[in-house]
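These notes are about the structure you will find just below.
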Amino acid sequence: MSIKEYLVGNTIQATWVNSGVTPTAIHVAIYDGDETLVDSATMSSSGNGHYYYDHTIPNTPGFYAMYYEATINGNPFRNQDKYKALLEQVD
């Protein structure tokens, strides 16, 4: 699994695509390397099974995990992405 890198303070868009069936619930939770919840929200629908959430990268450098959870036809689904927050450096 590749780990994406972002500068602290940037905003990224967390996405979930589920064409065909509409989830009854879908949300995202972001945890830091100490497994402390730093952000969570219900994802917004942009139509045709596409969902998104705009997330601002925390100001603390380090590793983070984004957990996506959805309920589809009564069944739970879970997926995750990982990223590393970096300080901006000029050499």
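Every number here is computed from the coordinates shown, using simple stated rules; none is lab data. Predicted model, so just to flag it, every value in this text is computed and none were measured. Cβ atoms come from the backbone with ideal geometry, glycine included; neighbour counts cover every protein chain shown.
Values computed for the structure shown
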item	result
Gyration tensor (alpha-carbon) shape descriptor, the chain, a/c threshold 1.5	prolate
Gyration tensor verdict on region 25-78 (Cα atoms; rounded if a/c is under 1.5, prolate if a/b is larger than b/c, oblate otherwise)	oblate
Region 1-42 residues near the modelled TYR67 label - backbone nitrogen below 15 Å, point 7 Å along Cα→Cβ	26-42
Antiparallel DSSP beta bridges within the chain, percent to nearest 5	90 percent
FRET efficiency for TYR52 and SER2, using Cβ-Cβ distance with R0 set to 30 Å, rounded to 0.05	0.90
